[in-house]
Amino acid sequence: MKDLTITSKIVSEHDAYKPYHGLTMPIITGVTYTFDDTDDGREKHLAFGGETGPEKEGYIYSRCASPTVVELEKRIAILEGGEVAVGYASGMGAVCSTVLTFIKCGDHLLTDKAMYSGTFDLMTHKLPDFGVEVEKVDMRDLEAVKAALRPDTAMVYCETITNPTMRVADIEEIAKAAHVKNPKCLVVVDNTFATPLLYHPLDHGADIVIESATKYINGHSDVLAGFAISDAKKAWKLNDCGRKYTTGAVLAPQEAYMVNRGMKTMPVRFAKHCENAMKIAQWMEESGLFKRVYYPGLASHPDHEVAVKELNGGFGGMIAFEPMSFDIAKNMLDNLKLVNLAVSLGDVESLIEHPASMTHSVLNEEELAEAGLTKELVRFSVGIEDADDLIADLKQAVEKAMADCK
Ligand SMILES: Cc1ncc(COP(=O)(O)O)c(C=O)c1O
């Protein structure tokens, strides 16, 4: 039989359950694991603080690793095309642990002007307090990236598709430029919006990929989880001797089980998210009811060409759009009946929110402007409901808002 595709692998690979011949992943909740004798305990601890993993495998304590989580990590590594995935209690757990593991006082970190607000807050408002020099550029401007890179740039951090402004930078070119300037520079890419189904940053020069599995990978808004995926050496630093262990941002076995279950339907769900989002974005643009629609699949999107080159046959399930005014945007959100007014994204149910007053309210006016985030911008996580029902809901909501705000 030929090699399985990723879809088949994440649905049907269950080597680890062989001892019990179980089709589903067992939830193993143990925190501590007994040693055969004192030498066994000492040998399993030998690698702590070292550069590579232990010679003697085995579980010690679930803040280091636990069997259900490790099984999920193996599947995530397959999905993302990396050697090893490290599971965290949330996407932000993965972001913070990655930064704390590889960045130190005095380092130069180059990041984007537009990104998820939690990461933005960490980079902009917290890291400088620890002596890290954080510089921001518009990552779509390759010349600006090249000009900002330095021989001591320790990390370049960006998102495949930015939250919430839907910008798409050329990751491959950014990684190339970063590694030319400093071969040791780590290129870290948050791939949450694109998902591993549309893009594998590790195949295009990235060193570490971040996923908030809270979003599309799990897909049902009932679990917080995150991953950092890389080669085995970096993963070891991230995991046992790195900051997962010391931050304690550990993925729990029950959550790992839930993510594994959600992940099995991810290819089917995500195809529908992409299909719905394309149809709705096209309708929005053609309707004339909105000032701007940001969806990388639209030919009018400023980064459409990069998105076509970079993404694998789809453009994701996220749309950003601007109604004709802030008042109309606010009124419209209050009129929706099917679409849920809520933060987060990647859920099977449609979620809509106002970034300037909700998710991205930690950004000041200047930061909002730099990120391209206007007062009237709305972020829409398109669910897997019927696209025509969603369009009908958006239409009634915006038409009522336009009438109310006349
Ligand atoms: C792009 C992106 N990265 C990371 C995160 C953080 O993920 P979590 O909520 O799982 O901590 C989010 C959350 O919305 C996100 O949108």
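Got at least one residue in the range 332-344 being of a type in the set (A, V, I, L, M), in a helix (DSSP H, G or I) and in contact (Cβ under 8 Å) with a residue 40 or more places away in the chain?
Quick first cut of the range 332-344, residues of a type in the set (A, V, I, L, M) only: 332-333, 336, 338-339, 341-343.
From what is left, the residues that are in a helix (DSSP H, G or I) are 332-333.
Filter once more, keeping what is in contact (Cβ under 8 Å) with a residue 40 or more places away in the chain: 332-333.
Looking for residues that are of a type in the set (A, V, I, L, M), in a helix (DSSP H, G or I) and in contact (Cβ under 8 Å) with a residue 40 or more places away in the chain, one finds at least one in the range 332-344, hence yes.
Can you find, within the range 215-229, the residue that is farthest from A342 (Cα to Cα) among those that are within 9 Å of the ligand (Cβ to nearest atom) and within 9 Å of the chain's Cα centre (by Cα)?
G226
With the checklist (1) of a type in the set (A, V, I, L, M, F, W, C); (2) within 11 Å of the ligand (Cβ to nearest atom); (3) not in a strand (DSSP E or B) in hand, flag the one item V189 doesn't pass.
(3)
Between residues in the range 220-234 that are within 19 Å of T247 (Cβ to Cβ) and residues that are of a type in the set (D, E, K, R) and within 10 Å of the ligand (Cβ to nearest atom), which pairs lie under 6 Å by C-beta distance while being six or more apart or on different chains?
F227/E211
With the structure loaded, tell me whether P355 is within 19 Å of the chain's Cα centre (by Cα) and either small (G, A, S) or crowded, with 23+ Cβ neighbours inside 10 Å (or both) or whether it fails that test.
Details: within 19 Å of the chain's Cα centre (by Cα): yes; either small (G, A, S) or crowded, with 23+ Cβ neighbours inside 10 Å (or both): yes.
Considered against the rule, which asks whether it is within 19 Å of the chain's Cα centre (by Cα) and either small (G, A, S) or crowded, with 23+ Cβ neighbours inside 10 Å (or both), P355 comes out as yes.
Being surrounded by fewer than 23 Cβ atoms within 10 Å (Cβ to Cβ) and within 16 Å of the ligand (Cβ to nearest atom) narrows it down to one residue among L149, L142, L198; which is it? So that I can check it myself, show each step before the final result.
Details: L149 fails: within 16 Å of the ligand (Cβ to nearest atom); L142 fails: within 16 Å of the ligand (Cβ to nearest atom).
Result: L198 is the single residue among L149, L142, L198 that is surrounded by fewer than 23 Cβ atoms within 10 Å (Cβ to Cβ) and within 16 Å of the ligand (Cβ to nearest atom).
Assess whether E143 counts as being over 28 Å from M318 (Cα atoms) and among the acidic types (D, E).
Numbers: over 28 Å from M318 (Cα atoms): no; among the acidic types (D, E): yes.
Judged against the criteria, E143 is not a match.
I'm checking my understanding of the structure. Among residues of the range 134-163 that are of a type in the set (D, E) and within 16 Å of I103 (Cα to Cα), which one is nearest to the chain's Cα centre (by Cα)? Write out each step before concluding.
Just the residues of the range 134-163 that are of a type in the set (D, E), to begin with: 135, 138, 141, 143, 152, 159.
Still in the list and also within 16 Å of I103 (Cα to Cα): 135, 152.
Working: E135: 21, D152: 26 Å.
Going through the qualifying residues, I end up with E135.
Tell me which residues, restricted to the range 99-132, are in contact with a helix residue (DSSP H, G or I) (Cβ under 7 Å, 6 or more places away or on another chain) and within 11 Å of the ligand (Cβ to nearest atom).
G118, T119, L122
Return the residues of the range 33-56 that are in contact (Cβ under 8 Å) with a residue 12 or more places away in the chain and surrounded by fewer than 11 Cβ atoms within 10 Å (Cβ to Cβ); say none if nothing qualifies.
G49, E51, E55
Here, each number is a calculation from the coordinates, and none is a lab measurement. Remember, predicted model here, so these are calculated numbers, not experimental data. Every residue, glycine as well, gets a Cβ built from its backbone with ideal geometry; the counts of neighbours run over all protein chains shown.
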